[in-house]
Amino acid sequence: MRILVLNDNTPGKGFLNDWGWSVLAEGKSRFIFDADTKREILLHNSKVLGLSLQNLDFAVLSHWHYDHYGGFPIVGELNPGIPLYAPPGNGTMVRQWGLRVREVAKAGDLEAGVWTSGPLNGFEQAIGVETPSGLVVIVGCSHPGVDGLTKAVLEVSGYGKAHLVIGGFHYPSARTLDRLSELTEFIAPAHCSGEDAKAYVRRKYPEKFIGVRTGSVLEI
Ligand SMILES: [Fe+2]
Ligand SMILES: [Fe+2]
């Protein structure tokens, strides 16, 4: 399986960049998780990565914040009618994007080998994806806490531990990161994790730390 970082807050050489988050996953299925802020960034960066934004099987929105959904119009334009798994929110907007809204109300499976935590605190979901190396947990901003989201994904998927947790951790405390380290083999703090959190994981758990930025490609 491959995870391609279409945009992260940290710039990558040759890529466009802003404050946002979007990854493309290619494994059993091909899908986009969050869609950054605008089409120009998704189109430019996917081109540099040699990727097509067409032929997606489905899309996932972690939560209704603009830095995660601004680019969905181009996803709908290139993949009309594919499902968008999103927490309850703006279904009208999803239809305007040309996507089929699939409101996620609780923990469960979304597609073969893909599970959702369900919306924690009523508004943000994380997902788990089955890969040959184990379960990869993808998070958006982690407003409800990256440890809680990861735990919920492990529970619903039946895995004891994650292989990797990647995404925005929302300026977590050291305690949150310590708890997270017990739940996963590898940790890739991105987006709104903050430099302090990245430095903490790099220093305390060097064997777990994976640095990612806009344009990073992870082979799993
Ligand atoms: Fe965010
Ligand atoms: Fe957010």
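The values are calculated or read from the model by the stated rules, or taken from the named source; none is laboratory data. Source: prediction; values computed, not measured. All Cβ positions, glycine included, derive from the backbone under ideal geometry; neighbour counts span all protein chains shown. Heads up: the accessible areas ignore ligands, DNA and RNA and are worked out on the full protein's heavy atoms, side chains in. Shrake-Rupley method; radii C 1.70, N 1.55, O 1.52, S 1.80 Å.
So the values come out like this:
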quantity: Gyration tensor (Cα) of the range 180-220, equivalent ellipsoid semi-axes in angstrom; calculated: 16, 14, 9
quantity: Highest-first arrangement of 184-196, 37-49, where packing means the average Cβ count within 10 Å; calculated: 184-196, 37-49
quantity: Accessible area expressed per residue, the chain, with surrounding protein chains retained (probe 1.4 Å, Å²); calculated: 40
quantity: Descending Cα extents along the principal axes, the chain, whole Å; calculated: 44, 39, 30
quantity: For the range 135-220: rounded, prolate or oblate by the Cα gyration tensor [a/c cutoff 1.5]; calculated: rounded
quantity: Mean Cα-pair separation over length for the chain, i.e. relative contact order, pairs under 8 Å, 6 or more apart, %; calculated: 19
quantity: Rule-of-thumb Rg ratio for the range 131-172 [Cα; 2.2 N^0.38 Å; N residues]; calculated: 1.10
quantity: For the range 83-198: span of alpha carbons on each principal axis (Å, largest first); calculated: 40, 29, 21
quantity: Whole-angstrom Cα spans of the range 1-92 along principal axes, big to small; calculated: 36, 27, 22
